[in-house]
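Have a look at the structure below before the remarks.
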């Protein structure tokens with residue numbers, strides 16, 4: 001993919017301290033193998049909200065997937081179906097709720113960027129429910145727009161700004177460019193029907209800024225809990241005070257996340273607060289994690305630290321960037337094989353046993 005698209009996918013905010021810390025701290029987790037134990041083999045089957053998945057990871061919500069590779073949102077949704085893992089669609093993804101519903105037969109998760117107006121919130125909730133979605137993820141870790149120098153340098157917009165630098169990058173990546181030409185410019189497909197026609201990029205950005213209110217509060221979450229009859233998950237919990245609110249409001253799950261190191265450069269890594277939250281909240285709410293997870297070994301370390309489930313965003317997108325429509329299948333299969341190797345190496349029979357192997 002061109003450099004400006006790769007920078008959007010791989011980059012963090014400010015100096016990318018939090019981005020690097022996410023990776024480094026997960027790699028500090030050590031596992032204990034049992035070599036002389038009677039061992040019947042490993043199963044990655046994982047139950048979550050009443051559904052059994054074939055692996056303990058899912059596809060995290062990623063915005064603007066179509067910028068990084070045309071139709072990548074649709075490709076990854078199909079790969080998730082084929083591998084029986086959850087797929088989570090972002091409000092600012094480049095496929096619509098209805099398209100992902102058709103691909104997944106309604107078995108998908110939807111991440112809601114909180115709208116400023118209740119009417120739009122309710123319309124999005126109704127569309128997701130009517131499409132078959134039973135797990136809603138509300139986003140807590142983007143109360144403000146982050147400062148991302150790489151995106152500023154690249155003039156990132158939809159479509160990309162036609163600077164000489166970006167034009168040269170597109171010319172040197174003909175497969176991406178031709179694929180974009182045939183697929184059409186990426187759009188916010190779920191939001192398309194609400195966006196006034198004829199807006200230029202500046203006015204579209206202003207519209208999106210006015211449309212969404214990033215900071216969640218108890219007052220905003222409570223009516224969503226009342227309206228949403230399925231599973232309700234909050235993403236971005238990193239401290240016990242917020243976890244207490246999630247439990248008190250009757251939420252079903254929380255994802256420990258820092259938005260992939262893209263929002264707060266001097267924040268904690270995700271694995272550290274996960275390890276602190278698990279002892280107190282493990283039996284009260286499903287605890288999941290994303291941000292910093294890159295491989296099957298990282299997934300194993302996260303599960304060993306007490307997570308019930310994990311999500312990855314960048315890794316499957318790298319697969320798409322490398323292999324196009326087949327990249328999701330390749331990446332999910334690769335991750336399964338890596339987890340299987342770790343489980344067999346340490347004599348872990350089922351996913352829930354991973355904490356027994358943490359040193």
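The values are calculated or read from the model by the stated rules, or taken from the named source; none is laboratory data. What you are looking at is a predicted structure, and each value in this text was computed from that prediction instead of being measured. Glycine gets a Cβ as well: all are built from the backbone with ideal geometry, and neighbour counts include every protein chain shown.
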For residue 108, the lone unmet condition from (1) touching a helix residue (DSSP H, G or I) at 6+ places or on another chain (Cβ under 6 Å); (2) surrounded by fewer than 22 Cβ atoms within 10 Å (Cβ to Cβ); (3) under 27 Å from residue 183 (Cβ atoms) is (2)
Going through segment 99-122 one residue at a time, which ones are over 19 Å from the mean Cα position of the chain (by Cα) and more than 21 Å from residue 235 (Cα to Cα)? 102, 105, 119
Within segment 27-44, restricting to residues that are in contact with a strand residue (DSSP E or B) (Cβ under 9 Å, 6 or more places away or on another chain) and loosely packed, with under 13 Cβ neighbours inside 10 Å, the one that is nearest to residue 299 (Cα to Cα) is 30
What single numbered condition from (1) crowded, with 20+ Cβ neighbours inside 10 Å; (2) in a loop (DSSP other than H, G, I, E, B); (3) touching a helix residue (DSSP H, G or I) at 6+ places or on another chain (Cβ under 6 Å) fails to hold for residue 294? (1)
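Yes/no per residue for (1) over 17 Å from residue 25 (Cα atoms); (2) free of Cβ contacts under 8 Å to residues at least 40 places away in the same chain; (3) in a helix (DSSP H, G or I):
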| position | (1), (2), (3) |
| --- | --- |
| 266 | no, no, no |
| 280 | yes, no, yes |
| 303 | no, no, yes |
| 315 | yes, yes, yes |
For segment 139-176, how many residues meet the condition of being touching a helix residue (DSSP H, G or I) at 6+ places or on another chain (Cβ under 8 Å), surrounded by 15 or more Cβ atoms within 10 Å (Cβ to Cβ) and over 22 Å from residue 16 (Cβ atoms)? 3
When restricted to 19, 89, the only residue at pLDDT 95 or above, in contact with a strand residue (DSSP E or B) (Cβ under 8 Å, 6 or more places away or on another chain) and either closer than 21 Å to residue 286 by Cα or assigned to a helix (DSSP H, G or I) (or both) is 89
